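The values are calculated or read from the model by the stated rules, or taken from the named source; none is laboratory data. Computed from a predicted structure; not experimentally measured. Positions of Cβ are backbone-derived with ideal geometry, glycine not excepted, and every protein chain shown enters the neighbour counts.
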Amino acid sequence: MSDPSAAPIVVGTDGSAPAERAVAWAADDAARRRRPLRIVHAIEQWVFDTPLGTPPGMRESLTEAGLRILAQAKTVAHERRPEVEVTTELIEKGSGAGLCDQSRRAFEIVLGHRGLGGFTSLLLGSTGLRVAGHAHGPVVIVRGDHTAAGGDVTVGVDLPEVSVETLEYAFDAAGTRSGRLTIVYAWDLPTPLVAGDYVIDETAIERSAQRSLTKTLEPWRKRYLDVEVIEKAVRGHPASALVDASEHADLLVIGSHGRSRLGLVHLGSVAHGVVHHAHCPVAVVRPRT
């Protein structure tokens, strides 16, 4: 059995500027966590499955281009973090399925938010969202040109059932950055109560939410004594509250537990909104299966 502590951080690249930022972020995280870094690039499966239907030399050209992209990304990682062990891999498989396969053996998958093609541009489409919603473990989406906020991490939680995997990742991320961890629980009143003519003691509800959050986090505080924790129970839609909180974070951590009508796991609505609108990198944490 492989050693989980040696699982690499895997980053997808297509040679674009956002992908280069994702490579740099992944190299930093690999250094913080003392893990190896694997850089991957995908050539879509159809190129290899239908050789007679592709122009002459297309497979070779795409392979050569992919290898150049990987070499450039490796240079970026080495220049940024020379102490990190870096390997590269050209995947001859559909990008979504390829990354999900990689996630089985990875500590986390890292993607840029946009790109020229391949992994990063797909994040806004069905394939990229599939990776974030189906990967076996955390998927980090590195958004824009956000500058670090002193290593602070923000995580969204849902009460009363908190995700153990999400909190573990968030506490660990804050610990490796020597930053503070802000834990946000967003609550709101049911629409019928808001629309109806009811007397509602919002202050009492807010205090109750804060007490529940504090009680839930008590064992986690004792477990991670070196991490400074800030608790926030706020009224509002979870996606909006977390997007607002991301303005002051180096990393935003969320869980993914949405399910379709057929019971199939997918990226939940809150995670979907946060991934598209957060002001900092977002880690979508899924349980490993």
(Q) Which count do you get for residues in the range 1-31 that are buried (at least 16 other Cβ atoms within 10 Å of the Cβ), among the charged types (D, E, K, R) and at pLDDT below 95? (A) 3
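Counting only residues that are in contact with a helix residue (DSSP H, G or I) (Cβ under 8 Å, 6 or more places away or on another chain) and over 20 Å from A17 (Cα atoms), which one in the range 46-64 is modelled with the highest pLDDT?
If we filter the range 46-64 for residues that are in contact with a helix residue (DSSP H, G or I) (Cβ under 8 Å, 6 or more places away or on another chain), which is where we start, we get 47-48, 51, 54, 58-59, 62.
Going one step further and asking which of them are over 20 Å from A17 (Cα atoms), we end up with 47-48, 51, 54, 58-59.
Working: V47: 52, F48: 52, P51: 55, T54: 58, M58: 63, R59: 70.
In this case the residue turns out to be R59.
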Q.
For the structure I just gave you, tell me whether I43 is at pLDDT below 95 and either at negative phi or in contact with a Ser or Thr (Cβ under 8 Å, 6 or more places away or on another chain) (or both).
A. yes
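Does I230 fit the bill of being at pLDDT 90 or above, under 15 Å from the mean Cα position of the chain (by Cα) and assigned by TED's automatic domain parsing to the domain that holds A278? Walk me through how you get there before you give the answer.
Details: at pLDDT 90 or above: yes; under 15 Å from the mean Cα position of the chain (by Cα): no; assigned by TED's automatic domain parsing to the domain that holds A278: yes.
Criteria not met by I230.
Within the range 65-74, can one find any residue that is assigned by TED's automatic domain parsing to the domain that holds D14, outside any helix (DSSP H, G or I), at negative phi and modelled with pLDDT of 75 or more?
Scanning the range 65-74, I find no residue that is assigned by TED's automatic domain parsing to the domain that holds D14, outside any helix (DSSP H, G or I), at negative phi and modelled with pLDDT of 75 or more, so the answer is no.
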(Q) Criterion first (within 19 Å of I9 (Cβ to Cβ), at pLDDT 85 or above, surrounded by fewer than 21 Cβ atoms within 10 Å (Cβ to Cβ) and out of contact with any strand residue (DSSP E or B) (no Cβ under 8 Å at 6 or more places or on another chain)) does R104 satisfy it? (A) yes
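Return yes or no: is R259 basic (K, R), at pLDDT below 85 and in the same structural domain as I183 (by TED's automatic domain parsing)? Show your work before the answer.
Numbers: basic (K, R): yes; at pLDDT below 85: yes; in the same structural domain as I183 (by TED's automatic domain parsing): yes.
For R259, the condition - basic (K, R), at pLDDT below 85 and in the same structural domain as I183 (by TED's automatic domain parsing) - is met.
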Q: For L251, indicate whether it is touching a Cys at 6+ places or on another chain (Cβ under 8 Å) and either closer than 19 Å to D188 by Cα or modelled with pLDDT of 95 or more (or both).
A: yes
